[in-house]
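Single-structure report; data block below.
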Amino acid sequence: MEHEEILHRCFRCGYCKLPGNYTDINCPSYLSFRFETYSPGGRMWLLRAWLDKKIPASDRFAEIMFSCATCGNCVEHCAFPEFRDRLLLAFIAGKEAFLDAGQVPGPVRDYLTKIQLHGNPYGKSVKKSAQWLDGLDVAVFFDQEYLFFADDVGTWDPRGQEIARSVVTLLQKAGISFGVITEALNSDGNDVKAIGETPLFEELAEKNIKVLNDKNVKKIITLSPHSFNALKNDYPALGGQYQVFHYTQVLAFAMQGLKFSGKEPEVKIAYHDPCYLGRHNTDYESARMMLRSVPGITLVEMDRNRKNALCCGGGGGNFFTDILSGGDDSSARVRVREAVDAGADILAAACPMCAVMLEDAVKAENLDDIIQVKEVSEIVNQRL
Amino acid sequence: MTTDLINRLGKIVGPRFVSGEAEERYLYSMDPGTMPAAAPDAVVMPANTKEVQQIVALANELNVPIVPMGAGLVLSGLTRALKGGIIIDMKRMNHIIEVNPQSRYAVVEGGTSQGMLKAYLKKHHPQLKHSMPDAPPIATMAGNVCIHGSGHLSVLGGSHSDMLTGMEVVLPSGEIIRTGSCSVSGEWFARSPLPDLSGLFVGWAGTTGIVTKLGIKLFPNYKHNDVLIFVAEDADLMPEIISRLTNTQVAEDMTPWMSPKPAWAKGFLHINIAYGAHTKKELTFKRNLLQASVREYIDQKIAGFLPLPPPQKGRFLEIPSPDLARFADLRKGGGFEYVGAMMAIEHFPEAYRAGLAIAEKFNVSYSLGARIIGAGHCMMFFFAYAFNRADAEDVKRASDALDATNTAALKIGGIPWKAEQPAQKQIIGKMDPGTFSLMNRIRATLDPNGIMNPGNWEI
């Protein structure tokens, strides 16, 4: 197994379980399951024991491995410099070893199968991949400045489609030149890679890169921070060299061109940092810049924000596989309670997966009358 | 029996929070130290005192051992299930119940982490703080108090068990009792003036009860904080230096340390002196008092204060410091363990020399140091050895060094703190027979079925 030489070096001191300010448990799987086995240190020691043939692979062991949301909290807060940079890589390698050994939870297998067969985790035909654009006047990409990349959730999930439509609407209002490619593009593959299926990730990426290169795409705006991460950090090694932006990064600098109605009521908003925009790519400001530009909005911060943010629990494929499952201490539910504690009327998301996860959590917590989850462009559009 | 046990525990805490699976049995069989594995039959995570009570009742009914566990960071293997049974992982019980800012105490559930209380106080009561141990912030409040832990306010307030104001405990019989003022008035301000029943549960390695709630003293959180480092070359001077510095009654924390790394530190004896003040003027006054107390050594040019640039000061003021955990990576092997021996201050030179000799004899990577407890009333002298977990010979070397250190500490007149099972036997061997006899009678009375963490404090 790749990175197996570092597994024994984990002391299991537990810094990885917490945010930097120690507010509460910040590892989604440990928060949800609470056994030491589901913590980053637990995974390290279990993997070492498995490789040493002290314990066998099992369904539970697979659940422990695949419940990792790859949020990066452990990498951010591990006490050991350098070593920590390889933590997530070791977990992903561990998942890959489990896949190779055939020890795969059913939902993970189903997720990968759908992607392998259809190029997306919804099992939908690519011929319908333009449906989310119905009613919008969005051009097909030819020589515009940017390509807009809608990703799986923006293309296929009903709520994700609403968000994608809102973002492209705002891009148009801001005068951004962009186009879309629909039928030819597959899943970005970010979460496939996080699940440990590297060959499938490379297959997806290479197909996408061919399309993007054939269309002479130079600059890309992504809807999802997950796509942003894959296209920005992983595609270059496979021949996909682009300038990649998350939509908040483009809009943050286009906000001054927008005219606001000024009629909307004052509102307190807490911004939820998506892991693949924040911890993985250290952009904590673009979305906040957007929100600060809007009259009538007061930004409030949750105790865990920026590099200390609590993941929604949707990363590492968990949005689709739900290995983390529900329960009172699922991270999304804890997160919306935290937003209420911060006094927010609205919990703002800049990721379609986060938005869906957090909206479900608001319902599960019966907080519908207290707080709403909205995607950032929706908040802005509503006030124009 | 195990299936029945798991099912019945599941009815108490919910099936999600009990496991008899191989993964949990493996991981909970050991801690990060050198003690050999001892696997439990089940791991259970109660959410409240009532559930703890029901688990204890079930353990009595089935005559199954139970081992209470906080973060499992004791390093000396006290939370291993030496005779099988149930490990009760207390970390779901992590609620902060009350902070009394006027009488300066907090009431927390036993599984509350040190870090969580620190964060809570910073947000809600920034004028207050508690004494953080140097353990990682996930270490639990009850776990640390029950091992007589110490921390960053230990010169000011003594051991963390000295800062305890009361407890709620589930006895081995399943009864729930309270100790301290909360047993009479409902408020958790002090252990006095009652018979001090808290002593029945502190230092016993989980053999007398399960602490579900505790009250802990809080202290003023200063606006201005500083650290001085005093450096000497002669270990024989250290007791008097410590005495003079503590005589000022200014420091919150004093931690001597001696380490071959970094290179500039090798061969020197350092004392970190942390202190704070409400105003800059007060801080300067306190600094002057500390400096004046050891002026004689400076004038003789046999010791002095280490110049510390501000960035380095910040590192020394970081609480808790991750440096301790980082020591585990010294041999790129994820392991360290230490003997922390409580002893009188005057034994500092002997302890230091014994530590150097043992490190040389066993060829182990070491760090030596101490934490002063109270106004120079005693100290916890630690002998820490790093090891490579992947190298069995290295682990054995560290284990042998620890064993030799326990022997040396006892010979000096110290007492190994949170002692490993073998060290407990060494302590008992030197203990007044009447004391040990009383310990046994107390245990037999509280725990007639012998279910509480058996194998500890036994011959």
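I'd like to check something: does the stretch A:44-66 contain any residue that is among the polar types (S, T, N, Q), on the phi < 0 side of the Ramachandran plot, in a loop (DSSP other than H, G, I, E, B) and buried (at least 24 other Cβ atoms within 10 Å of the Cβ)? So that I can check it myself, show each step before the final result.
Kept after step one, since they are among the polar types (S, T, N, Q), are these residues of the stretch A:44-66: A:58.
This time we only want the ones that are on the phi < 0 side of the Ramachandran plot, so: A:58.
From what's left, in a loop (DSSP other than H, G, I, E, B): A:58.
Now narrow it down to the ones that are buried (at least 24 other Cβ atoms within 10 Å of the Cβ): none.
The answer is no, given that none of the residues of the stretch A:44-66 is among the polar types (S, T, N, Q), on the phi < 0 side of the Ramachandran plot, in a loop (DSSP other than H, G, I, E, B) and buried (at least 24 other Cβ atoms within 10 Å of the Cβ).
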Quick check on A:Gln116: is it at pLDDT 95 or above and within 13 Å of chain B (Cβ to nearest Cβ)? no
From (1) within 30 Å of A:Phe11 (Cβ to Cβ); (2) in contact with a Pro (Cβ under 6 Å, 6 or more places away or on another chain), pick out the condition that doesn't hold for A:Val153. (1)
Just to be sure I understand, how many residues within the stretch A:74-113 are within 19 Å of the chain's Cα centre (by Cα) and modelled with pLDDT under 95? 0
Being without any contact (Cβ under 8 Å) to a residue 60 or more places away in the chain and of a type in the set (A, V, I, L, M, F, W, C) is the filter here; which residues of the stretch A:313-341 pass it? A:Ala332, A:Val336, A:Val340
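With the structure loaded, tell me whether A:Ala361 is out of contact with any helix residue (DSSP H, G or I) (no Cβ under 7 Å at 6 or more places or on another chain), under 27 Å from A:Ala62 (Cα atoms), not basic (Lys, Arg) and not assigned by TED's automatic domain parsing to the domain that holds A:Phe228 or whether it fails that test. Give the steps one after another, and end with the answer.
Values: out of contact with any helix residue (DSSP H, G or I) (no Cβ under 7 Å at 6 or more places or on another chain): no; under 27 Å from A:Ala62 (Cα atoms): yes; not basic (Lys, Arg): yes; not assigned by TED's automatic domain parsing to the domain that holds A:Phe228: yes.
When the stated conditions are applied, A:Ala361 does not pass them.
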Yes or no: B:Gly203 without any contact (Cβ under 8 Å) to a residue 24 or more places away in the chain, small (Gly, Ala, Ser) and not in a strand (DSSP E or B)? no
Given the condition assigned to a loop (DSSP other than H, G, I, E, B), under 30 Å from A:Phe98 (Cβ atoms) and at pLDDT 95 or above, answer yes or no: does some residue in the stretch A:243-257 qualify? no
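Per-residue answers, yes or no, for (1) within 26 Å of B:Glu318 (Cβ to Cβ); (2) more than 7 Å from every other protein chain (Cβ to nearest Cβ); (3) more than 26 Å from the chain's Cα centre (by Cα):
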site: A:Ile6; (1), (2), (3): yes, yes, yes
site: A:Lys17; (1), (2), (3): yes, no, no
site: A:Gly20; (1), (2), (3): yes, yes, no
site: A:Ile25; (1), (2), (3): yes, yes, no
site: A:Thr37; (1), (2), (3): no, no, no
site: A:Trp45; (1), (2), (3): no, no, yes
site: A:Asp52; (1), (2), (3): no, yes, yes
Odd one out for A:Met1 among (1) part of a helix (DSSP H, G or I); (2) more than 9 Å from every other protein chain (Cβ to nearest Cβ); (3) surrounded by fewer than 24 Cβ atoms within 10 Å (Cβ to Cβ): (1)
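Only residues that are charged (D, E, K, R) and outside any helix (DSSP H, G or I): list them for the stretch B:230-281, please. Full working, then the answer.
Filtering the stretch B:230-281 down to residues charged (D, E, K, R) leaves B:233-234, B:236, B:240, B:244, B:252-253, B:261, B:266, B:280-281.
B:Glu233, B:Asp234, B:Glu252, B:Asp253, B:Lys261, B:Lys266, listed by residue number.
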Please give the number of the condition B:Gly186 fails out of (1) at pLDDT 95 or above; (2) over 17 Å from the mean Cα position of the chain (by Cα). (1)
Inside the stretch B:367-388, can you point out the residues that are free of Cβ contacts under 8 Å to residues at least 60 places away in the same chain, out of contact with any Ser or Thr (no Cβ under 6 Å at 6 or more places or on another chain), surrounded by 24 or more Cβ atoms within 10 Å (Cβ to Cβ) and within 14 Å of chain A (Cβ to nearest Cβ)? B:Tyr385
Just wondering, is there one or more residues in the stretch B:399-406 that are β-branched (Val, Ile, Thr), in contact (Cβ under 8 Å) with a residue 12 or more places away in the chain and surrounded by fewer than 24 Cβ atoms within 10 Å (Cβ to Cβ)? no
Quick one: is B:Ile428 over 19 Å from the mean Cα position of the chain (by Cα) and at negative phi? yes
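To keep it simple, each residue is scored yes or no on (1) more than 19 Å from A:Cys311 (Cβ to Cβ); (2) of a type outside the set (Phe, Trp, Tyr).
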| residue | (1), (2) |
| --- | --- |
| A:Gly72 | no, yes |
| A:Leu87 | no, yes |
| A:Gln103 | yes, yes |
| A:Gly106 | yes, yes |
| A:Tyr111 | no, no |
Determine whether the stretch A:70-77 contains at least one residue that is in contact with a His (Cβ under 9 Å, 6 or more places away or on another chain), closer than 30 Å to A:Gln382 by Cα and of a type in the set (A, V, I, L, M, F, W, C). no
Report yes if some residue within the stretch B:374-393 is part of a helix (DSSP H, G or I) and over 23 Å from the mean Cα position of the chain (by Cα); otherwise report no. yes
Could you check, for the stretch A:272-287, whether at least one of its residues is within 16 Å of the chain's Cα centre (by Cα) and among the aromatic types (Phe, Trp, Tyr)? yes
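Which helices (runs of 4 or more DSSP H) sit wholly inside the stretch B:113-198 and have at least 1 residues that are within 14 Å of another protein chain (Cβ to nearest Cβ), out of contact with any strand residue (DSSP E or B) (no Cβ under 9 Å at 6 or more places or on another chain) and under 16 Å from B:Asn100 (Cα atoms)? Show your work before the answer.
Values: elements: B:114-124, B:141-146, B:154-157.
Result: B:114-124.
Of the residues that sit in the stretch B:18-53 and are within 29 Å of B:Glu420 (Cβ to Cβ) and part of a helix (DSSP H, G or I), which one is farthest from the other protein chains (Cβ to nearest Cβ)? It would help to see each step written out before you state the result.
Taking the stretch B:18-53 as the starting set, the residues that turn out to be within 29 Å of B:Glu420 (Cβ to Cβ) are B:18-46, B:52.
The next check asks that each one be part of a helix (DSSP H, G or I); those that pass are B:22-27, B:52.
Values: B:Ala22: 5, B:Glu23: 5, B:Glu24: 6, B:Arg25: 9, B:Tyr26: 5, B:Leu27: 5, B:Val52: 15 Å.
Of everything passing the filter in the stretch B:18-53, B:Val52 is farthest from the other protein chains (Cβ to nearest Cβ).
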Restricting to the stretch A:26-43, what's the tally of residues that are crowded, with 24+ Cβ neighbours inside 10 Å and either touching a strand residue (DSSP E or B) at 6+ places or on another chain (Cβ under 9 Å) or not assigned by TED's automatic domain parsing to the domain that holds A:His77 (or both)? 3
Which of (1) facing chain B (nearest Cβ under 10 Å); (2) in contact with an Asp or Glu (Cβ under 6 Å, 6 or more places away or on another chain) does A:Cys78 not meet, given it meets every other one? (2)
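The values are calculated or read from the model by the stated rules, or taken from the named source; none is laboratory data. If you're wondering where the values come from, they're calculated on a predicted model, not measured in any experiment. Heads up, the Cβs are rebuilt from the backbone with ideal geometry, glycines too, and the neighbour counts pull from every protein chain shown.
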